[in-house]
Ligand SMILES: Cc1cc2nc3c(=O)[nH]c(=O)nc-3n(C[C@H](O)[C@H](O)[C@H](O)COP(=O)(O)OP(=O)(O)OC[C@H]3O[C@@H](n4cnc5c(N)ncnc54)[C@H](O)[C@@H]3O)c2cc1C
């Protein structure tokens, strides 16, 4: 059970932490998990809510990255395939094996993808999770009821994993706390603290709920703030070059009938040369993503009309019954924290998707890039680097052996969510706002905006009672989620 008051007390009473991890997304969680697995005293602080950033907005795939293989990035794929197996086993309560089909309309194309995916299987070695096979037209139609069968020659069936990113986020927070770590949401770093020699020795934290500030000391400070990395880097040194360049990826959510089965579709080459997925997720179909370089980080990046058109146009030729804007149940976008290229003109799809550990002169360590699938390995690499750079006594990572907290709340979105479950989440999962509840503890906001609107009043009443707030607070919370729905998630484009 997560207890925010206890976290505040830990912050007040501790003299020195081994690690201060800034950021409660996949990267920060990987670092904190690996650090507690070695017995270090760890504080993880998150400015908004756990998973509020990119880590709630992924395509929910646990994958080696078939398209990186296409680009010849073998070592990146091999590492991710190893971590895919780890995640599917350590978080087996919220992840599953997901079959995919690449449909093909020319046999030659079929052979090309078949050999590529066989190589994908081979690279996984003993960590292979399923066998790539060639399907004929009839077999494809059997698995994907809504496939466009005109001219269809067959499909290549292969396997990756699928998970719920923010449920994993919360279960990881519980796991880290269980292993002695302290984690807190709505508590951000507002400045870094340095000693006389300019070494980074801690940070100033601001509790966004009470507005209180805390100065804390840590032997090592890790910047794991995703697309907000540059903000922390500039707290360290205003003249530092940007380390991260955001790239927006957007999704639309449709009813499951647009897939017609539990097998996902992978479209291997869209009009801009990327891949596009149609994946069954919590009774709906998640379709994405795009890849658009953006300049500014944002907590609520917005899908643009052109992206909706791009997604619909590219799915159109693969589906018998094509979705229109009217069929969109929700939309969401996320920003990839890509390593800023030295060459400013590089296209986002050319930027490496591997992770990097970058040190600045003060001894601040930043973890950038990477993906959810490799979060544990990213964390391990950071801790190894800290030990080496700071000449600490060597310790061994045990993060691979830690079973992720599995008291997980399994939510069936095909039925109305039980109030007893919402009460349990409110009590046990550090829920501070109505948005935490509809967007990240449950996934209603991402799945269906109409369904979300129907629960706002009732859920907020429960949260208000639990937090001891008044009606004014409740009204503000409900209005704030309504605004979020109309300004982003709701397919407002319907009318245009
Ligand atoms: C569209 C899209 C699809 C993707 N799909 C997949 C996929 O299918 N599979 C996969 O493996 N990966 C996927 N990824 C990649 C993966 O989601 C990201 O690599 C990962 O979530 C990034 O996590 P992060 O912790 O670095 O960043 P974030 O999740 O953004 O976390 C950073 C956190 O730092 C916090 N923060 C910022 N400033 C401060 C401060 N001053 N003090 C304290 N906290 C602060 C923020 O609030 C934020 O929560 C996808 C990414 C995108 C964009």
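The values are calculated or read from the model by the stated rules, or taken from the named source; none is laboratory data. The shown structure was predicted, so the numbers you read here are calculated from the model rather than taken from an experiment. With ideal geometry, Cβ positions are generated from the backbone for all residues, glycine too; neighbour counts draw on all protein chains shown.
Among the residues that make up the stretch 249-272, is at least one of them touching a helix residue (DSSP H, G or I) at 6+ places or on another chain (Cβ under 7 Å), in a helix (DSSP H, G or I) and buried (at least 22 other Cβ atoms within 10 Å of the Cβ)?
Scanning the stretch 249-272 turns up no residue that is touching a helix residue (DSSP H, G or I) at 6+ places or on another chain (Cβ under 7 Å), in a helix (DSSP H, G or I) and buried (at least 22 other Cβ atoms within 10 Å of the Cβ).
For the stretch 77-107, enumerate the residues that are within 22 Å of residue 288 (Cα to Cα), over 17 Å from the mean Cα position of the chain (by Cα) and not in a strand (DSSP E or B).
Answer for the stretch 77-107, where residues must be within 22 Å of residue 288 (Cα to Cα), over 17 Å from the mean Cα position of the chain (by Cα) and not in a strand (DSSP E or B): 77, 81, 105.
Any residue that is more than 19 Å from residue 375 (Cβ to Cβ) and not in a helix (DSSP H, G or I) - is there at least one of those in the stretch 34-43?
Yes, the stretch 34-43 contains at least one residue that is more than 19 Å from residue 375 (Cβ to Cβ) and not in a helix (DSSP H, G or I).
Would you point out the residue of the stretch 48-76, among those that are over 19 Å from the mean Cα position of the chain (by Cα) and in a loop (DSSP other than H, G, I, E, B), that is nearest to the ligand (Cβ to nearest atom)?
Restricting to residues being over 19 Å from the mean Cα position of the chain (by Cα) and in a loop (DSSP other than H, G, I, E, B), the top hit is 73.
Listed residues 233, 216, 209; which is in contact (Cβ under 8 Å) with a residue 12 or more places away in the chain, assigned to a helix (DSSP H, G or I) and more than 10 Å from the ligand (Cβ to nearest atom)?
Answer to the selection: 233.
With the requirement that a residue be touching a strand residue (DSSP E or B) at 6+ places or on another chain (Cβ under 8 Å), within 21 Å of residue 144 (Cβ to Cβ) and either in contact (Cβ under 8 Å) with a residue 40 or more places away in the chain or within 11 Å of the ligand (Cβ to nearest atom) (or both), what does the stretch 281-299 give you?
If the condition is that a residue be touching a strand residue (DSSP E or B) at 6+ places or on another chain (Cβ under 8 Å), within 21 Å of residue 144 (Cβ to Cβ) and either in contact (Cβ under 8 Å) with a residue 40 or more places away in the chain or within 11 Å of the ligand (Cβ to nearest atom) (or both), then 281, 284, 286, 288, 289 are the ones that fit.
Before we move on, is residue 176 within 16 Å of the ligand (Cβ to nearest atom) and either over 27 Å from the mean Cα position of the chain (by Cα) or modelled with pLDDT under 95 (or both)?
no
How about the stretch 423-496: which helices (runs of 4 or more DSSP H) wholly inside it have at least 1 residues that are touching a strand residue (DSSP E or B) at 6+ places or on another chain (Cβ under 8 Å)?
So the answer is 444-447, 449-467.
Among (1) without any contact (Cβ under 8 Å) to a residue 40 or more places away in the chain; (2) touching a strand residue (DSSP E or B) at 6+ places or on another chain (Cβ under 9 Å); (3) over 30 Å from residue 380 (Cβ atoms), which single condition is residue 144 missing?
With (1) without any contact (Cβ under 8 Å) to a residue 40 or more places away in the chain; (2) touching a strand residue (DSSP E or B) at 6+ places or on another chain (Cβ under 9 Å); (3) over 30 Å from residue 380 (Cβ atoms) applied to residue 144, the lone miss is (1).
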